[in-house]
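Peer 1: Starting off with a structure, shown below.
The values are calculated or read from the model by the stated rules, or taken from the named source; none is laboratory data. All values derive from a computational prediction rather than experimental measurement. When we count neighbours, we look across all protein chains shown, and the Cβ atoms used for this are built from the backbone with ideal geometry, even at glycine.
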Amino acid sequence: MLSESEIKIKVEKLLLKMSLEEKIGQLVYIDTRNKNYDEEYKAGKIGVAACVMDPEEINRIQRLTVEESRLGIPVLVGNDVIHGYRTIFPIPLAEACSWDITLMEKTAAVAADESAANGTMLIYAPMLDIARDARWGRIAEGAGEDTFLGSVIARARVKGFQRYHEETGTATIACAKHFIAYGAAEGGRDYNSVDMSEKTLREVYLPPFKVAVDTGVETVMTSFNDFNGLPVTANKFLIQDILRNELGFDGVVVSDYDAIHELVIHGVAEDSGEACRKAFEAGTDMDMNAGIYTEYLSELVKKGKTSEKMIDDSVRRVLVLKYKIGLFDHPYINIEKARTAVLKKENIDLALDAARKSIVLLKNNNKLLPLGKDIESIALIGPLADNRQEPLGCWACDGKPDEVVTVLQGLYSRIQENTSIMYVKGCNIEDRLSENIDEAVEAAKCCQVAVVVVGESAEMSGEFHCRSSLELPGMQEELIKAVCATGTPVVVVLMNGRPLSIPWVEANVQAILEAWHPGIQGGNAIADILLGYTNPSAKLVVTFPRDVGQIPIYYNHKNTGKPPFEGSLEKKAPVSNYLDLHHTPLYPFGYGLSYSNFKYENLNIRDRKVKLGERVMLSADVANYGDTDGDEIVQLYVQDINASMTRPVKELKGFKKISLKSGEKKTVEFELPIKQLGFYNNKMKYLTEPGIFHVWIGWDSAQGLEGSFEVIS
Ligand code: BGC
C-alpha cells in the first residue's frame, strides 16, 4: 500500500493531466442497470459504477476504463452490502439485538472479504440512522432507537467493513449513511420531511456519524429528506459546517440515488442546472445517478458560477480514495478466487452464530421452551416455517434463497429419531386466503406442541416499504388463534423486519421468539433455540408498541409535567395517558428473556459525590441461579433529575454482555465518565451540569437496581 505522501504526489500529477470533463467524470456514480455505459467508461466519464455484481462483467468494465480510457483511471465498484454479500447474516436490526460488538465487526468483515474478492470495494453501509418509528421500513437496516448503542455499533461496523484484504491486495471502504435525520421521516413514511430542533439533531441523530467519522469512515451519503426546510443534499450548514468543519470529515460525500435531481421536485431548485449548483456548493462531491454533474457542472465552471478549484478538491478526494484502497494496482478480479471467497464454511458458521445471538425470547410461560431434545411430536405451522426467500430480509445483496435453511430443515437436522414433525403452511403471509388453516388445526391437535412461524415478507421492510399497521399481515393472527383453540401449547416464532404490535399473541400464546429476518442460517438457529441446544441471549434494541397509535414510542422520552399514570385506565386524571390504551410498550427497549434465571443485587456506587470531569465507578452482582449456562446483557441507565433543560427519563450509558454458568455470580463494573452525561443547551453548547443523577443497573430499560450519585463542580 502506498504512503500518504506517495498518494498525494500521484494524485496531483494525475490532476494536472485531467481535462475538466475527466475531472467531473470522477464525481459521477452510475447505476449500471440503466443502460450500456461503455462509451462513457472509455471517455473517463464515470468514477463509480454500482449494481454490478458479476465479476466477469466488472472486469470487462474495468478493462474499458483502465485500458481504453485516456488516463486509465479505474472505476470504483460500489454496492449495497448491507448484511452480507453472499453469506447473508441477520438484518442489521436483528444483529444489533445481540449487543455483541465483536460479532458485528466480524460479520461486517466477512461481508467485506466476500465483497472485495468479487470486486465491490465501496460498501454502501452501515446505515446509522436512529429509528424510532416502526412504520418506517428502513428501521430494518439500522441499529434501532438508541443513540449510545447505535454509536458503539457504528464504530464496529465501520471497522469491520473498512479493511485491507490480503487476498486481493485491496481495501474495502464503508459509507456512513444517510446523513442525516432520515429515520425521523414524518409519519414513518419513507423520504418524508423532517422538522427537528438542532438540539435533537445533535443529541440523538448526529452521534453515530461523529463516531463513524472518528473511526475513519471514508465516505458519507447524504439523505433524501428535507431538514428544516432544506434537503440535506443542498444543505451547506449540515454538510460543510457540521460534517466537514465540526466533525472533521475529509472523505467523499456522495448524494443518495437521484437526490440531486430531486432538489427540483422538493421545490428548492428551478431546474437541474440550479440543482447542480446547489448540491455541489453545499459540499456534495458525487452525484449518484442523477446524471446532473455530467450535464451541468462543466457549464457552471465555464460561466464562472462554480470554481474549478472546488471541483479539484472533490476529485482529489475521490482519487486519493482509489489510490488508498489499491485500486490502481489491482483493478481486476481473480475470477477463481472470487468464486471460492464466498460461503466459506467459517462464514456460514458465523452466520449461524449471528442468528443464534440475534433471536429474542419475548415470552416463555411455564418454561414451555426449550422443547427439549427428546420431544415426541411437533406441529410446525405457518407461511414462514419452510420459506427460503423471506429469511434473507431486505437488501439481501447476492444472497440466494437456495442457500437459506428453513425452520423445517433446521428442525429435521437437529431432532432425534423418535421425534415426528407435521408441517402445514396454514395460510399465506399477506393475502386473506385461509389456505389450509383446518389442516393446521388437525396437526396441532395430534402433536405435543405447535410451533407457528409467522411474520412479514422481506419486501415489507426496507426502502419505500413502510406500513401504517404493525399487525401481523393477512390471516396469520387467525391462524394462531385457531391453533391456540386446540389447547395444544403454542410457540410463536416471528420473522419480520420491524417491531410488530401483537397484543393478542402476547396475551394468549405461551412462548414467543422474535427471530427477525435471520439470514441463511436462520432455520438452524431457531431450531437450536427451540430444542435447547442454544440459550437465547438477545435483547430488543427497539421498543415494541401495543398499538401503532403509540408511535413514536421509545424508552428515553421526557417526563412531561403530568407523567403517565402507572395504574388502571379507569383513573380519569389530567395525565399524559391515552383513554383507550395503556401508555407503556408491549416490550420495552433492552428487553429479552433467557432459559437461565438471572438475579441482580448489590448495586454499588463507589463515590456518591463526583466532580465534573471525573468518572463514577459503579457495579452490581449478577447471578445465574437457573440450571442452564447463559449470557446476559447488563445495562446501565442514567437520569439527570434536575437540569437547566428537561432530560429523558432514562438514557443508556453503558452495557456489558457476560456469560454465567449455572450457579455462577459475577460483579459487573462500569466506569462512567461524567462528561458523557451532558446535553446541548439552546445555544448549542454542550454542557455537563452539577446535580443529582439517578442510575440503574438492570436487565432492560424498564427495570433494574436503582441508586443515585451527585455531580459537584
Ligand atoms: C438508498 C441508499 C442506497 C442507494 C444505492 C438509495 O435509494 O437510499 O441507501 O445505498 O440507493 O443503491
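Peer 1: Considering only residues that are within 16 Å of the ligand (Cβ to nearest atom) and farther than 19 Å from GLU95 by Cα, look in the stretch 153-174 and name the one that is farthest from the chain's Cα centre (by Cα).
Peer 2: Checked the stretch 153-174; the qualifying residue farthest from the chain's Cα centre (by Cα) is THR172.
Peer 1: Something else about it: Considering each residue of the stretch 634-655, count those that are touching an Asp or Glu at 6+ places or on another chain (Cβ under 7 Å) and small (Gly, Ala, Ser), and give that number.
Peer 2: Adding up the residues that qualify gives 2.
Peer 1: Tell me which residues, restricted to the stretch 416-452, are modelled with pLDDT under 95 and of a type in the set (A, V, I, L, M).
Peer 2: Once the filter is applied, which keeps residues that are modelled with pLDDT under 95 and of a type in the set (A, V, I, L, M), the stretch 416-452 yields only LEU433.
Peer 1: Inside the stretch 28-68, can you point out the residues that are within 16 Å of the ligand (Cβ to nearest atom) and closer than 25 Å to SER307 by Cα?
Peer 2: Those that are within 16 Å of the ligand (Cβ to nearest atom) and closer than 25 Å to SER307 by Cα: VAL28, TYR29, ILE30, ILE46, GLY47, VAL48.
Peer 1: What residue, among those in the stretch 450-490 that are more than 16 Å from the ligand (Cβ to nearest atom) and on the phi > 0 side of the Ramachandran plot, is farthest from the chain's Cα centre (by Cα)?
Peer 2: GLY487
Peer 1: For the stretch 244-256, state whether one or more residues are away from the ligand (no atom under 13 Å from the Cβ), crowded, with 24+ Cβ neighbours inside 10 Å and either modelled with pLDDT under 95 or over 19 Å from LYS23 (Cα atoms) (or both).
Peer 2: yes
Peer 1: Can you tell me which condition ASP190 does not meet? The list is (1) acidic (Asp, Glu); (2) surrounded by fewer than 23 Cβ atoms within 10 Å (Cβ to Cβ); (3) more than 14 Å from the ligand (Cβ to nearest atom), and all the others hold.
Peer 2: With respect to (1) acidic (Asp, Glu); (2) surrounded by fewer than 23 Cβ atoms within 10 Å (Cβ to Cβ); (3) more than 14 Å from the ligand (Cβ to nearest atom), ASP190 is out only on (3).
Peer 1: State whether the residues of the stretch 139-157 include one that is at positive phi and among the aliphatic types (A, V, I, L, M).
Peer 2: no
Peer 1: Take the stretch 137-160 and flag every residue that is part of a helix (DSSP H, G or I) and hydrophobic (A, V, I, L, M, F, W, C).
Peer 2: The answer is ILE139, ALA140, PHE148, LEU149, VAL152, ILE153, ALA154, ALA156, VAL158.
Peer 1: Mind checking which residues of the stretch 423-473 are assigned to a loop (DSSP other than H, G, I, E, B) and free of Cβ contacts under 8 Å to residues at least 24 places away in the same chain?
Peer 2: Across the stretch 423-473, the qualifying residue is only ASN436.
Peer 1: Condition test on LEU230, is it crowded, with 19+ Cβ neighbours inside 10 Å, over 15 Å from ASP250 (Cβ atoms) and away from the ligand (no atom under 16 Å from the Cβ)?
Peer 2: Spelling it out, it is not the case that LEU230 is crowded, with 19+ Cβ neighbours inside 10 Å, over 15 Å from ASP250 (Cβ atoms) and away from the ligand (no atom under 16 Å from the Cβ).
Peer 1: Then there is this: Inside the stretch 261-290, can you point out the residues that are under 29 Å from the mean Cα position of the chain (by Cα), away from the ligand (no atom under 13 Å from the Cβ) and closer than 21 Å to MET310 by Cα?
Peer 2: LEU263, ALA279, PHE280, ALA282, GLY283, THR284, ASP285
Peer 1: List the number of the failed condition for LYS8; all other conditions in (1) among the basic types (Lys, Arg); (2) outside any loop (DSSP other than H, G, I, E, B); (3) within 16 Å of the ligand (Cβ to nearest atom) hold.
Peer 2: (3)
Peer 1: Residues VAL28, VAL66: which one is out of contact with any helix residue (DSSP H, G or I) (no Cβ under 8 Å at 6 or more places or on another chain), β-branched (Val, Ile, Thr), modelled with pLDDT of 95 or more and not assigned by TED's automatic domain parsing to the domain that holds TYR257?
Peer 2: VAL66
Peer 1: Suppose we filter the stretch 291-314 for residues that are polar (S, T, N, Q), in a helix (DSSP H, G or I) and over 31 Å from the mean Cα position of the chain (by Cα); how many remain?
Peer 2: Residues meeting the conditions: 2.
Peer 1: A further question on this structure: Filter the stretch 45-83 down to the residues that are polar (S, T, N, Q) and farther than 18 Å from ASP398 by Cβ and list them by number.
Peer 2: Passing the criteria: GLN62, THR65, SER69.
Peer 1: Turning to a different aspect of this structure: Considering only residues of the stretch 651-662 that are touching a residue at least 40 places away in the same chain (Cβ under 8 Å) and in contact with a Gly (Cβ under 9 Å, 6 or more places away or on another chain), which is surrounded by the fewest Cβ atoms within 10 Å (Cβ to Cβ)?
Peer 2: SER662
Peer 1: Conditions: (1) over 19 Å from ILE88 (Cα atoms); (2) within 16 Å of the ligand (Cβ to nearest atom); (3) part of a loop (DSSP other than H, G, I, E, B). MET196 meets all but one. Number of the miss?
Peer 2: So the condition that MET196 fails would be (2).
Peer 1: Let me ask you something else. Just a yes or no: is a residue in the stretch 698-712 loosely packed, with under 13 Cβ neighbours inside 10 Å and closer than 18 Å to ARG606 by Cβ?
Peer 2: Yes, the stretch 698-712 contains at least one residue that is loosely packed, with under 13 Cβ neighbours inside 10 Å and closer than 18 Å to ARG606 by Cβ.
Peer 1: Go through the residues of the stretch 614-635 one by one and say whether even a single one is part of a loop (DSSP other than H, G, I, E, B), at negative phi and hydrophobic (A, V, I, L, M, F, W, C).
Peer 2: Checked against the condition, which is being part of a loop (DSSP other than H, G, I, E, B), at negative phi and hydrophobic (A, V, I, L, M, F, W, C), the stretch 614-635 yields no hits at all.
Peer 1: Could you run through the stretch 630-667 and say how many residues are under 20 Å from ILE712 (Cα atoms) and among the hydroxyl-bearing types (Ser, Thr, Tyr)?
Peer 2: Number of matching residues: 3.
Peer 1: Need pairs with beta-carbon distance below 9 Å; first residue under 11 Å from SER708 (Cα atoms) and within the stretch 676-698, second basic (Lys, Arg) and crowded, with 16+ Cβ neighbours inside 10 Å; sequence gap 6+ or separate chains.
Peer 2: Partner pairs satisfying both residue conditions: HIS694/LYS650; VAL695/LYS653; TRP696/LYS650.
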